[in-house]
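A short worksheet on the structure shown next.
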């Protein structure tokens, strides 16, 4: 297990968090705000996202709400470019946004499949591409993609979610190699405990729901990864538990 390190001061540095209107993204946003980071929050739920940014700002934080549909390539690029224009180069980009709609192969249209995959995988590619040169010119940074058990295993009904999550693991491994010369760390994080989110309310069994935890309890892993660059932890699948985490892939 790895315990917290305080290798880099995050105060006034920029974090971009997608899927920040609720669930784990909401918890990550508040954890970064508590570290004094300036936040660009991206989510398709405009009203809910505005309330999250207002909460953080009312508590003395600095959060910018950027509503965007990450299934759309142009909207994704516009959102991250606005974050760069307004707040500057991010120290960390966390792509947490995802959608899980349980459908079988024959129940899923091409447009439904593409939308779900685009939110998870296409957006990860476009967001990373947009911050790559700015992070390189700034001397480095950290990119974090959200993983899950569906990144390694198949589940009935997850006809789009599983392939997209598997793809994020491959993207992470490739970007971690490409990021070394630019001093950019790239990792995935998978919750190592059941967490209570709107997605898990729909997808968890009743047995898992008995043990689920507040997602805020696993946010220390995201603070740790925000401090990383290619000289530290990169190319890893990080399993985040309450206050601790472990690395599961070789560098």
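The values are calculated or read from the model by the stated rules, or taken from the named source; none is laboratory data. Since this is a predicted model, take the numbers as computed values, not measurements. Don't worry about glycine lacking a Cβ; one is built from the backbone with ideal geometry, like all the others, and counts go over all protein chains shown.
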Extreme residue, modelled with the lowest pLDDT, among residues of the range 174-201 that are farther than 21 Å from residue 227 by Cβ, crowded, with 17+ Cβ neighbours inside 10 Å and out of contact with any strand residue (DSSP E or B) (no Cβ under 8 Å at 6 or more places or on another chain): 200
Sole residue being in contact with a helix residue (DSSP H, G or I) (Cβ under 8 Å, 6 or more places away or on another chain) and farther than 25 Å from residue 136 by Cα, chosen from 15, 98: 98
Failed criterion for residue 143 (all others in (1) within 19 Å of the chain's Cα centre (by Cα); (2) in a loop (DSSP other than H, G, I, E, B); (3) closer than 21 Å to residue 31 by Cβ hold): (2)
Single residue of 40, 53 found to be at pLDDT 95 or above and either outside any helix (DSSP H, G or I) or surrounded by fewer than 18 Cβ atoms within 10 Å (Cβ to Cβ) (or both): 40
Complete set of residues in the range 60-95 that are in contact with a helix residue (DSSP H, G or I) (Cβ under 7 Å, 6 or more places away or on another chain) and either modelled with pLDDT under 95 or in a helix (DSSP H, G or I) (or both): 73, 76, 77, 80, 81, 84
Selected residue (criterion: farthest from residue 89 (Cα to Cα)) from residues of the range 15-25 that are surrounded by 24 or more Cβ atoms within 10 Å (Cβ to Cβ) and touching a residue at least 40 places away in the same chain (Cβ under 8 Å): 24
Residue check for residue 117: touching a helix residue (DSSP H, G or I) at 6+ places or on another chain (Cβ under 6 Å) and not in a loop (DSSP other than H, G, I, E, B): yes
Count of the range 86-107 residues which are surrounded by fewer than 16 Cβ atoms within 10 Å (Cβ to Cβ) and either over 25 Å from residue 228 (Cβ atoms) or under 14 Å from the mean Cα position of the chain (by Cα) (or both): 5
Given (1) in contact with a helix residue (DSSP H, G or I) (Cβ under 9 Å, 6 or more places away or on another chain); (2) assigned to a helix (DSSP H, G or I); (3) farther than 18 Å from residue 25 by Cα, number of the condition residue 137 does not satisfy: (1)
Residue match in the range 122-139 (condition: at pLDDT below 95 and either on the phi > 0 side of the Ramachandran plot or surrounded by fewer than 20 Cβ atoms within 10 Å (Cβ to Cβ) (or both)): no
